[in-house]
Amino acid sequence: MGIWHRRPIILVFSTCLLWPICSITQEQTPPEQSSASTTNKKESKKREKQLVKELGPAYGSWLRDEVPDIITEDEHRAFRGLSTNEEREQFIEIFWDRRNPEPESPTNAFREEHYRRLAYADEHFASGIPGRKTDRGRIYIIWGRPDEIESHPAGGTYDRPLEQGGGSSTAYPWELWRYHHLEGIGENIEIEFVDPSGSGTYHMTADPCEKDALAHVPGAGASLSEMLGQSTKAGRFSNSNGTTCPMPLALKIHDFRNTEGLAMVQIRYRRGFETKSEAFT
């Protein structure tokens, strides 16, 4: 696959995996935006209080805590426009009936699975906020269990692929979720989550190099392309593709055996205007 050969995260965000709400926390909030973030949180709490006041605790909670990731904008608007509890009860009944894969069945499999996912998210992804409100929780609620999960809860040493410059660094805690197929999105979708604070608060990221804990540490975690003089560490933060990855390593690798019969690998790369060659056993 790649960064979206290897990680199609740009595809993921462009088609909005967190449909239908699309309120995605894609990146860490820059320091200069921290005050704006605080304001937004206050406004969000204010809206939630208004919602409860407007609809009452039970119906406000249903809209805010139980179905925010599966209700459409039109449905959301229509529900808030209802004036009586009788209308709201009827709306909720129709809401679930429309999603029932077997309308004639007394059991609504979609509804049961949805509430199972809510419970699972709260149990496994909570971190200061309910698990259903986290990025991992929301993805799980919308798309279900990933086909594969690559989990690194302690972070640790990370070997970059050559398309990310090669070399090793130290990573923050991170996870990679793989879905073989997502309806309306595509095939072989990978979604990466990173926890820079180490608090268990993972957020979804479009940058596969955001997990690099040494990115801002001078002289540490250099990529092969940087060590070979093909790029600089500072250059990572002016990439046009929106990532903070090092420049891909430009090299050719040749396998051969030396006179003693030992396996050898020859790497040819460009440094400045020169083509250099090194061999390793």
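The values are calculated or read from the model by the stated rules, or taken from the named source; none is laboratory data. All of these numbers come straight from a predicted model, not from anything done at the bench. A quick note on method: Cβ atoms are made from the backbone with ideal geometry, for glycine too, and the neighbour counts reach across all protein chains shown.
Below is a table of values for the structure above.
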{"quantity": "The stretch 225-242: number of residues that are hydroxyl-bearing (Ser, Thr, Tyr) and part of a loop (DSSP other than H, G, I, E, B)", "calculated": "3"}
{"quantity": "The listed residue being buried (at least 19 other Cβ atoms within 10 Å of the Cβ), at pLDDT below 95 and not aliphatic (A, V, I, L, M), out of 165, 128", "calculated": "165"}
{"quantity": "Options 99, 116; residue that is assigned by TED's automatic domain parsing to the domain that holds residue 171, free of Cβ contacts under 8 Å to residues at least 12 places away in the same chain and closer than 25 Å to residue 182 by Cβ", "calculated": "116"}
{"quantity": "Failed item, numbered, when residue 159 is tested on (1) under 16 Å from the mean Cα position of the chain (by Cα); (2) under 22 Å from residue 248 (Cβ atoms); (3) loosely packed, with under 15 Cβ neighbours inside 10 Å", "calculated": "(1)"}
{"quantity": "Residues within the stretch 148-187 that are outside any strand (DSSP E or B), touching a residue at least 40 places away in the same chain (Cβ under 8 Å) and farther than 25 Å from residue 216 by Cβ, tallied", "calculated": "2"}
{"quantity": "Considering residues of the stretch 95-125 that are of a type in the set (Gly, Ala, Ser), at pLDDT 95 or above and surrounded by fewer than 16 Cβ atoms within 10 Å (Cβ to Cβ) only, the residue farthest from residue 200 (Cα to Cα)", "calculated": "109"}
